[in-house]
Every structure is written in structure tokens, then in C-alpha cells.
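A quick write-up on the structure given underneath.
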Amino acid sequence: MNRNFNRIAHIGLVFLGLANLLMRDVGMAGAVLGLALAFDPFDTQQPWGERSVIQKTWLLALLAATLGLIAYSIIARN
């Protein structure tokens, strides 16, 4: 895919996820942030081992937030 499209889609989905979180829709926020992971804003041709620490940290933090929000929404329902 086009790198600019990925970057725009990633940023848009992150902001949409944060907006859902502000509206206290935790499950939807987790789902949208998980979707943002599909649109890698960095160079997709670069292998994981060659990425900078900042890029790895951003993607892993987003993954942790996604899993945490989804787990919280599942636990909060019970």
C-alpha cells in the first residue's frame, strides 16, 4: 500500500480510538486501536530487527493498549 495512505489511516484511527476512549466506549476504542496496527505508518519494507527503538516502542505500546482495553472491556461486562 501507499506509505502516505498508511500514515494517514494510522493517525486517523489512533485519534478515533482516543475519541472513543474519551466517550467511555472502551471496547470500541480497543478495536479501533487494533485496526490502527494494520496500517503501519513506518516503512513496511524494513524488517523488524532493523527498525529504530522509537518505532518498535510505538507499535508495541499500541499493541499493549489494544490488548489492555479489550481485556478490560471483557472483564467489565461480568
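Please identify the pairs in which a residue from the stretch 41-61 that is under 18 Å from Ala9 (Cα atoms) has its Cβ atom under 8 Å from the Cβ atom of a residue that is open to solvent by 100 Å² or more (accessible area, probe 1.4 Å) and in a loop (DSSP other than H, G, I, E, B), counting only partners at least 6 apart or on another chain. If the second residue must be open to solvent by 100 Å² or more (accessible area, probe 1.4 Å) and in a loop (DSSP other than H, G, I, E, B), the pairs left are Thr44/Met1. Of the helices (runs of 4 or more DSSP H) lying entirely inside the chain, not one carries at least 3 residues that are under 12 Å from the mean Cα position of the chain (by Cα) and loosely packed, with under 10 Cβ neighbours inside 10 Å.
The values are calculated or read from the model by the stated rules, or taken from the named source; none is laboratory data. Model, not experiment: these values are computed from the prediction. All Cβ positions, even for glycine, are placed from backbone atoms using ideal geometry, and neighbour counts span all protein chains on display. The protein model used for the area step is the full one, side chains on, heavy atoms only, and it has no ligands, DNA or RNA in it. Shrake-Rupley method; radii C 1.70, N 1.55, O 1.52, S 1.80 Å.
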